[in-house]
Amino acid sequence: DDKLDFAIVLSGNPNVKLVNHHLLNDQVYLCVSDSLLKLYYDNQAEELKEKSFPGADVTDFSRLPFCIHENRLGHTLRECFEEGGVIPKTYINSAATLAFQGLAASFATQMSLANRLTEIPKDINIFPVHHHGVPLSQSLALIRRKDRYLSHYSKFFLELLFHYFDELEHIHLSRKV
């Protein structure tokens, strides 16, 4: 309704009145404590970690309790489980990340994990989620009106924003403990 100069959004259908700048393919990661993996997978935990390090299939983790958000990403992840014929044991439907406390496995995007790097406990495994052999990600974009004049300050802010997302895309987050 012409009230915003620009916005960061999950990419969707392009609008002819808007300029759409791709910012980031925001990779989705599975976060699970090592103790939780060992509790539910015992002797198979190490093998599962090795298999999942390059890319995790969520159905391989069907024994675990999960924290799955009630948002677009949560809906996508539930579809991944359903396609694999698995109903996840959902511990809680919340935006709270319980994986860091070792209570449930959870999913997070690259951007949210990168913003919490100092908070991630050392015993948390972080596996990139793959679906049909392809990394699962959300595409983030900056949108702005085509006919809107951008001030010098706006252009400088956008330059900083593009630089931030470029740096973010190069942070390596996968790990197994």
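The values are calculated or read from the model by the stated rules, or taken from the named source; none is laboratory data. Note that this is a predicted model, so its numbers are computed, not measured. Neighbour counts are summed over all protein chains in view; Cβ atoms, including those assigned to glycine, are modelled from backbone coordinates with ideal geometry. Only protein heavy atoms, including side chains, enter the accessible area calculation; ligands, DNA and RNA are left aside. Shrake-Rupley method; radii C 1.70, N 1.55, O 1.52, S 1.80 Å.
Quick look at the values:
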| quantity | calculated |
| --- | --- |
| Flag for residue 171 being touching a residue at least 24 places away in the same chain (Cβ under 8 Å) and in contact with a Lys or Arg (Cβ under 7 Å, 6 or more places away or on another chain) | no |
| Strands (runs of 3 or more DSSP E) wholly inside region 58-177 containing at least 3 residues that are touching a Pro at 6+ places or on another chain (Cβ under 9 Å) and at pLDDT below 95 | 89-92 |
| Criterion (farther than 30 Å from residue 154 by Cβ and either open to solvent by 20 Å² or more (accessible area, probe 1.4 Å) or in contact with a helix residue (DSSP H, G or I) (Cβ under 9 Å, 6 or more places away or on another chain) (or both)) met by exactly one of 49, 3 | 49 |
| One residue from 87, 143, 92 being without any contact (Cβ under 8 Å) to a residue 60 or more places away in the chain and out of contact with any helix residue (DSSP H, G or I) (no Cβ under 9 Å at 6 or more places or on another chain) | 92 |
| Members of region 115-172 that are among the basic types (Lys, Arg) and open to solvent by 90 Å² or more (accessible area, probe 1.4 Å) | 122, 146, 155 |
| Total residues in region 6-46, condition open to solvent by 50 Å² or more (accessible area, probe 1.4 Å), out of contact with any helix residue (DSSP H, G or I) (no Cβ under 6 Å at 6 or more places or on another chain) and assigned to a helix (DSSP H, G or I) | 7 |
